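> Got a structure for you, questions after.
The values are calculated or read from the model by the stated rules, or taken from the named source; none is laboratory data. Please read all numbers here as calculations on a predicted model, not as lab measurements. Because the Cβ atoms are built from the backbone with ideal geometry, glycine has one as well, and the counts that use them run over all protein chains shown. For accessibility, only protein heavy atoms count, side chains too; no ligands or nucleic acids. Shrake-Rupley method; radii C 1.70, N 1.55, O 1.52, S 1.80 Å.
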Amino acid sequence: MAGWFRRLLHKRKPSSAESTRSSSSPPSSSSSSSRSPASSPRSIRPSPAPDISAAGSARWAKSYDVCICHSAGDLELVLELVSYLEGQPESFRCFLQPRDAAPGSAVVTELCDAVQNSHTWVMLITPGFLGDPWCRYQMHQALAEAPAANGRAIPVLKDVDRRDYPKELRNLYYIYMALKESGFQRIRDTVLRYLQELCRSSATGPSGEGTDAVIILEKTPFQEEKLSDLLKKHVKLELQMRNDIYSTYHLYPPPELSEIKTTVVFPATEKHIQKYLRQDVHLVRETWEDYTQITLPFIQSQSFSVQWVYNILEKKAEADRIVHENPDPCEGFVLVPDFKWNQNQLDDLYLIALVRCRDLKSLRDLTAEHLPLLRNILREGEEAITKRFGIAASRLRVYLHYQPSYYHLHVHFTALGYEAPGSGVERAHLLADVIDNLAADPAFYQKRALTFAVRADEPLFHKFREAGRA
């Protein structure tokens with residue numbers, strides 16, 4: 001990894017058209033003795049989508065691209081879906097048990113083999129599926145093969161109320177098949193996206209050559225106690241301009257005072273790269289009807305992985321970074337420093353509270369029943385930060401994002417004087433205000449129109465435009 005990183009930094013400097021700047025890089029610290037930390041992410045331009053049908057592609061490591069799990073009563077619809085997928089230019093290879101199981105073989109054995117030898121699993125969740133123990137068994141086999149694998153397990157709801165969505169799948173986004181044609185298209189896109197990411201990641205050699213990456217360079221804030229050294233010791237100054245009492249210099253500090261925080265996303269998917277490319281931003285006014293008809297179906301059609309969140313909640317990762325935790329499965333949370341904060345100074349303090357309840361994706365899901373959880377986060381989070389870092393609650397900004405950058409409910413804690421990314425009025429909702437709104441109206445966020453900023457290249461913005469709402 002280190003060798004790859006050094007080689008990447010020595011590659012050709014990108015042209016001005018290729019240079020990018022992170023929209024989420026931290027702005028300046030609030031200290032009067034601090035200057036803005038410069039942020040200069042450099043991303044390799046995304047390579048073309050890999051050819052999943054090429055010889056040697058990782059696609060061919062398994063016998064099937066899709067395993068279809070369904071009830072017997074839905075066979076006619078499933079046959080149409082299989083015909084659609086196999087008729088696509090990619091000629092997706094589908095396993096359909098009534099058609100592909102070997103005659104006379106053990107049904108359970110055939111299913112287990114098919115699940116293990118398929119890249120993705122489409123589960124057609126209908127009333128018949130929910131009432132069939134065999135379908136439940138198929139679902140559990142798929143989940144056992146790759147727990148919480150967003151993108152591989154593809155639940156598809158048809159004629160089923162969202163409240164009846166199986167609890168075992170609550171960590172996965174589903175496709176709601178209101179119209180057969182659009183549902184088939186979403187399934188095809190999800191399978192293709194997974195196979196492309198599989199082929200892209202498998203193309204990584206030992207050195208990482210030829211694989212996309214994102215590098216974010218941020219100048220950390222100057223620390224007050226080091227300003228004297230910065231201005232007096234081993235510093236090279238070059239005069240640029242002098243006019244009366246004003247003068248401008250280029251100052252070259254010694255290496256020990258030139259710390260640059262470097263964040264590497266490697267290998268980077270197309271979503272990662274697009275996130276850090278500079279794009280025009282638009283405001284969208286989302287009504288509750290817009291949310292149910294545009295935003296929610298879009299979210300459900302995407303394969304947003306939050307496995308890293310679950311790793312923190314289960315202490316499989318970052319356990320040593322936990323500042324505070326409440327273990328209650330419904331009203332508990334884990335408080336950890338955000339990666340944007342290097343913890344060397346308090347001016348840009350930034351922590352995240354991750355709720356333990358995995359059913360909550362965003363502000364839109366909150367009702368009055370979640371008030372105990374939200375009050376716990378506000379009270380316990382502020383107390384923990386005051387105890388650990390000595391910052392009073394009155395000096396903290398505590399808020400939620402809408403739209404969030406990932407769909408697992410979380411709350412941001414930042415130093416009030418720090419202009420943190422996403423703390424503007426078009427995205428941030430103060431937690432105290434959210435609590436008051438829900439106390440006054442339990443369904444406040446199922447009624448209110450919400451305004452949020454969205455980049456011009458994001459598919460969600462295109463969905464709003466297609467609907468005539470942007």
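> With respect to the numbered conditions (1) open to solvent by less than 20 Å² (accessible area, probe 1.4 Å); (2) more than 17 Å from the chain's Cα centre (by Cα); (3) within 27 Å of P155 (Cα to Cα), which one is the sole condition not fulfilled by W341?
(3)
> To continue, here is another question. Pairs, please: C-beta under 6 Å, at least 6 apart or cross-chain, first residue closer than 16 Å to L335 by Cβ and in contact (Cβ under 8 Å) with a residue 24 or more places away in the chain and in the stretch 356-379, second open to solvent by 40 Å² or more (accessible area, probe 1.4 Å) and hydrophobic (A, V, I, L, M, F, W, C)?
Note: pairs meeting the criteria are C357/C330.
> Kindly check whether there is at least one residue in the stretch 413-428 that is open to solvent by less than 20 Å² (accessible area, probe 1.4 Å), under 15 Å from E286 (Cβ atoms) and not in a strand (DSSP E or B).
Looking for residues that are open to solvent by less than 20 Å² (accessible area, probe 1.4 Å), under 15 Å from E286 (Cβ atoms) and not in a strand (DSSP E or B), one finds none in the stretch 413-428, hence no.
> If I ask for residues that are buried (at least 17 other Cβ atoms within 10 Å of the Cβ) and of a type in the set (A, V, I, L, M, F, W, C), which ones from the stretch 59-74 would you list?
V66, C67, I68, C69
> Is there any pair linking a residue in the stretch 225-254 that is touching a residue at least 60 places away in the same chain (Cβ under 8 Å) to one that is of a type outside the set (K, R) and surrounded by 10 or more Cβ atoms within 10 Å (Cβ to Cβ), with Cβ under 6 Å and at least six apart or on different chains, and which?
These pairs meet every condition: L227/S33.
> Let me ask something else about it. Go through the stretch 429-445 and count every residue that is open to solvent by less than 40 Å² (accessible area, probe 1.4 Å), within 15 Å of Y402 (Cα to Cα) and not aromatic (F, W, Y).
Here the count works out to 3.
> Residue by residue through the stretch 446-470, note down the ones that are surrounded by 13 or more Cβ atoms within 10 Å (Cβ to Cβ) and among the aliphatic types (A, V, I, L, M).
L450, A453, V454, L460, A470
Residue-wise test of (1) modelled with pLDDT of 75 or more; (2) over 30 Å from A49 (Cα atoms); (3) open to solvent by 50 Å² or more (accessible area, probe 1.4 Å).
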| position | (1), (2), (3) |
| --- | --- |
| G183 | yes, no, no |
| R188 | yes, no, no |
| L198 | yes, no, no |
| S202 | no, no, yes |
| L217 | yes, no, yes |
| P221 | no, yes, no |
| K233 | no, yes, yes |
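> Take the residues of the stretch 325-355 that are among the aliphatic types (A, V, I, L, M) and part of a loop (DSSP other than H, G, I, E, B): which is farthest from P372 (Cα to Cα)?
Checked the stretch 325-355; the qualifying residue farthest from P372 (Cα to Cα) is L346.
> Considering R375, R356, R364, R397, which residue is open to solvent by less than 10 Å² (accessible area, probe 1.4 Å), of a type in the set (K, R) and under 26 Å from the mean Cα position of the chain (by Cα)?
Among R375, R356, R364, R397, only R364 is open to solvent by less than 10 Å² (accessible area, probe 1.4 Å), of a type in the set (K, R) and under 26 Å from the mean Cα position of the chain (by Cα).
> Being without any contact (Cβ under 8 Å) to a residue 12 or more places away in the chain and not in a helix (DSSP H, G or I) is the filter here, so list the residues in the stretch 391-403 that pass it.
Answer for the stretch 391-403, where residues must be without any contact (Cβ under 8 Å) to a residue 12 or more places away in the chain and not in a helix (DSSP H, G or I): just A392.
> Here's a follow-up. Where the second residue is of a type in the set (S, T, N, Q) and open to solvent by 60 Å² or more (accessible area, probe 1.4 Å) and the first is free of Cβ contacts under 8 Å to residues at least 40 places away in the same chain and lies in the stretch 99-114, which pairs have Cβ atoms under 9 Å and are six or more apart or on separate chains?
That search, which allows pairs on different chains as well, returns D113/S63.
> Which count do you get for residues in the stretch 169-181 that are open to solvent by 30 Å² or more (accessible area, probe 1.4 Å) and more than 21 Å from the chain's Cα centre (by Cα)?
Residues meeting the conditions: 4.
> Exactly one of (1) within 21 Å of the chain's Cα centre (by Cα); (2) not in a strand (DSSP E or B) is unmet by A453. Its number?
In the conditions (1) within 21 Å of the chain's Cα centre (by Cα); (2) not in a strand (DSSP E or B), A453 misses (2) alone.
> Return the pair list, or none, for Cβ contacts closer than 6 Å from residues in the stretch 301-326 that are open to solvent by less than 50 Å² (accessible area, probe 1.4 Å) and charged (D, E, K, R) to residues that are modelled with pLDDT under 90 and part of a loop (DSSP other than H, G, I, E, B), at least 6 apart or on different chains.
Listed pairs, sorted by first residue: none to list.
> When only residues in the stretch 106-164 that are assigned to a strand (DSSP E or B) and not hydrophobic (A, V, I, L, M, F, W, C) count, which is surrounded by the fewest Cβ atoms within 10 Å (Cβ to Cβ)?
That would be N150.
> Right, something else. If the Cβ limit is 7 Å and pairs must be 6+ apart or interchain, which residue in the stretch 183-195 that is farther than 16 Å from T269 by Cα pairs with which residue that is assigned to a helix (DSSP H, G or I) and hydroxyl-bearing (S, T, Y)?
Short answer, once both residue conditions are applied: F184/Y84; R186/S301.
> Does A420 satisfy being over 30 Å from L172 (Cβ atoms), of a type in the set (G, A, S) and in contact with an Asp or Glu (Cβ under 6 Å, 6 or more places away or on another chain)?
No.
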